[in-house]
Every structure is written in structure tokens, then in C-alpha cells.
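A short reminder: the numbers here are calculations on the coordinates, not readings from a lab. Computed from a predicted structure; not experimentally measured. Cβ placement follows ideal geometry from the backbone for every residue including glycine, while neighbour counts extend to all protein chains displayed.
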Amino acid sequence: MDQATIGVIGGSGLYEIEGAKTIKELSIDTPWGRPSDSIVISEIEGRRAAFLPRHGRGHVFLPHEVNFRANIAALKMIGVREIVAFSAVGSLKEKIKPLDFVLPDQVIDRTKARESSFFGGGVAGHVTFGHPFCGRLLNLIKPAADEIGLTMHTGETLICMEGPAFSTKAESNLYRSWGAGIINMSTLPEAKLAREAEICYAVICMATDYDCWHEEVEHVTIDMVIRNLTTNAGNAKKLLKLLLERLGKERDCECGEASKFAIITAEKKRNSAQIKKMKSILPDYF
Ligand SMILES: [Zn+2]
């Protein structure tokens, strides 16, 4: 039986869903290793969600240390079909002020050495990623944010950088010249893996600072980030409660068949050990 169809990935500052009732805690092992922490099946006003803190409880893993494949595989293996992720971001635009929310619809990959695919190892596959986030989820999230009076910017491009050090001023200005609105270190490969696993995925970003490009504002420090995160986590939880009422319905987007035509390796050439791994997340195709 599916444990939950809605998954919530918490970012910096969001390590639990406050006020939620814990139904059970699942310690999952996947063919790609163990996720960042146990997954908590929670209930809020009658709706279930599987919660996983991306960096582990107590913030143990740096972005490049997170086992993204295990996180996404674990959620898929317990029945998750929709993921709402949260992430703290730096703002690259004057109009995106600290404490504002941003719902990006595009992303530019500036990560370096991360395992970014379930495919490979003798089973080659390519999914489409032109629209990296599920449009259906984006259309559910924005009205919910409006309803509770949150400032939420849409139509923005997110830069996902490697880190863990923040950007240089030259990099920050380069990204601004590209028209990007926000920057973080953890949406990729998370969104790519969710697409491969055929899970709808969107990320709700919370601006904590102006990165380092702004001439008149003090440059980003971890202290500033933490201060604003605490304020924002409360707003994130309010939004999440409303979203849980609206998620979990029939999916009419294309995410559920993202890998159907992705596999290119001839059937008799496919590596059997890799097939066994892939079966755990895409049982219909192997
Ligand atoms: Zn979708």
C-alpha cells in the first residue's frame, strides 16, 4: 500500500512540519543508498504527506553531500507522486526582497560533480526537461499563496550553483545579466531526478538575502540567512497546510509518463543489475 502520495522536501530552516501529527517514521533503504533522514508520514487536518528534510534533521549534509537519488527514490518507493520542495534562496533582483517567496518556472544548472540521473550503468535514458517544474503544481501553488497574503513572485529563473561557499560578486552579476531572479544550491539534481522518477515537482523558494551583488545592502552572511529563515518557515508551514488540501487529486500533466519513451538502450543490451535498480522506481518499464 502507498504510504503517502504527497511528498514534502524541507530545505534550510524547515526540518519538520509543525503542528502535524506523526503517523509513522520510515527508515528506507534504496538501491542508491539511504536518504538524508527517515521519512515522516504526517497528517494535517486529515491529509497525509511524506516529509523528508533534504539536509537531514539538524542540517547534517551540505548540498553537494545530499544523496539526491536516494531521497527521490525513497519517496517514489513509498508511493509519492507529487513533491512540493522548499528552498532558501538569495535574490538577484531588487524587486525580490528578503522574506518574499518565489515560485520559479525555469532553472540554470551551475552544479558540478553531482550524480544527476537514475539512468546510466548500462541503461541509457533521456527525459525532457524544457519545463523543469510541473505546470499543474505551479498553478495550484500561486493562488494558495495569494489566498494567505504571501508575496510570491512567479515567472523567475533560478540559478542552482555548486557551493558551499556563496557566489563571488562577479558571478552574482553574471547571473543577473542572464536575467535570473534567484540563486540556491539544492534544486538540482533534485528536480531532474523527480522528473525521471515520474513525480510532479515544484519548488517554493524563500528569499533570505540579496546575495552579494547589492551595493547598498550588507552582503549575505549565514547569520542573516538563519534569521530570515526562521521568519519564513512559519509562512511556509501556513502555505503547506493549504496546499495539502488541494494536492493528491487526479494528475492531468505529463509528469506521470516522463520516462515512458526515455530509454534508448536496446532491450537485450541492458545491464541486468541496473534493470533491477530501475525496477524499484519505474516498475512499469522494466
Ligand atoms: Zn506534473
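Summary of computed values
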quantity: Filter on Lys192/Lys249; Lys241/Lys279; Lys97/Lys192; Lys76/Lys276; Lys112/Lys142 - keep pairs with C-alpha separation over 25 Å; calculated: Lys241/Lys279; Lys97/Lys192; Lys112/Lys142
quantity: Positive minus negative residues near Val66 (Lys, Arg vs Asp, Glu; Cβ under 13 Å); calculated: -1
quantity: Amide H contacts of Ala124 (H built 1.01 Å from N, under 5 Å, at least 5 apart or other chain); calculated: Ile264, Thr265
quantity: Magnitude of the charge dipole, the chain, Cβ model with Lys/Arg +1 and Asp/Glu -1, debye to 20; calculated: 900 debye
quantity: C-alpha center-to-center spacing [segment 249-275, segment 40-69] in angstrom; calculated: 26 Å
quantity: At q = 0.13, 0.19 Å⁻¹, base-10 log of I(q)/I(0) for segment 77-183 (Debye sum, equal scatterers on each alpha carbon); calculated: -0.61, -1.14
quantity: 10 Å beta-carbon shell around Pro35, net charge (K/R +1, D/E -1); calculated: +1
quantity: Sparse-neighbourhood loop sites, trypsin sites (Lys or Arg not before Pro) in segment 221-280 - DSSP loop, at most 10 other Cβ within 10 angstrom; calculated: Lys249
quantity: Most positive-pole-ward Cα, Leu138, His153, Val84, against dipole of segment 45-162 from beta carbon charges; calculated: Val84
quantity: Value of relative contact order over the chain, rounded to a whole percent, pairs C-alpha under 8 Å and six or more apart; calculated: 25 percent
quantity: Segment 157-227-segment 80-116 distance, computed between alpha-carbon centres (Å); calculated: 6 Å
quantity: Loop-resident sites, segment 192-237, for GluC sites (Glu not before Pro), counting at most 10 other Cβ within 10 Å (DSSP); calculated: Glu215, Glu216, Glu218
quantity: Computed [θ] at 222 nm, deg cm²/dmol, the chain (DSSP H ≥ 4; -39,500 (n - 2.57); rounded to nearest 500); calculated: -8000 deg cm²/dmol
quantity: Antiparallel bridge percentage (DSSP; both residues within the chain; nearest 5); calculated: 40 percent
